[in-house]
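A short write-up of the structure that comes next.
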Amino acid sequence: MHTLYCYVDGSDNQAIEPVLVDAFRALVSDWAQYCAVFVNHQHERKPDLAPDDLNDWFIGLNLPLPCVSQSQIDQLVLFAKALAGATGRDFVVGISLPSGLCEDLVFLDANADETEGLRLYTRLEAVLHGA
């Protein structure tokens, strides 16, 4: 099954984790009927990381596809825009394929608008329908 994801872009989240967690939990609660799943997963440190490198940390949500509407995409863009403004962080939205591969589709910041939503929806449709 394909999955849409929206995560904070970056791993330096210690100071803003509570804000991110509260915001994403609220959205997941609002989207319970769509089977949205809250994600807060910090990967184990890999031995090949430099001392100053941070291990991957995913904070966000997963949403099973294909049941994502243009209205949900618009809501997600507005959510990410507001959260980017509050935290100074960007967000990556993409799709996880059944093979396990992931494809980042758009990056959203505090200046995101309806064009990012339209671009995201168009790219999502293309991936889901093999275009």
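All of the numbers you see were taken from the coordinates with simple rules; none came from a lab. Note that the structure is predicted; figures quoted are calculated from it, not measured. Cβ sites come from the backbone with ideal geometry, for glycine too, and all protein chains shown count toward neighbours.
Along the axis of the charge dipole computed for the chain (Cβ charges of +1 for Lys and Arg, -1 for Asp and Glu, origin at the Cα centre), the listed residues Val106, Leu61, Val92 are led at the positive end by Leu61.
Across the range 91-102, computed HN-Hα scalar couplings (Karplus, 6.51 cos²θ - 1.76 cosθ + 1.60, θ = phi - 60°) run 10, 10, 10, x, 10, 9, 8, x, 6, x, 6, 10 Hz from first to last residue, x flagging Gly and Pro. Computed from the C-alpha gyration tensor, the three semi-axes of the ellipsoid equivalent to the range 61-101 are 22, 14, 6 Å, from longest to shortest. The Kirkwood radius of the chain, taken over pairs of alpha-carbon atoms, gives through the Stokes-Einstein law at 4 °C and 1.567 mPa s a diffusion coefficient of 85 µm² s⁻¹. Counting only alpha carbon atoms, the long axis of helix 114-128 and the longest principal axis of the chain meet at about 80°.
Between 0 and 90 degrees, the angle of helix 17-30 with respect to the longest Cα principal axis of the chain falls at about 20 degrees. On full extension, the segment bounded by Gln33 and Asn111 gains 25.2 nm, given 0.36 nm per residue less the C-alpha separation.
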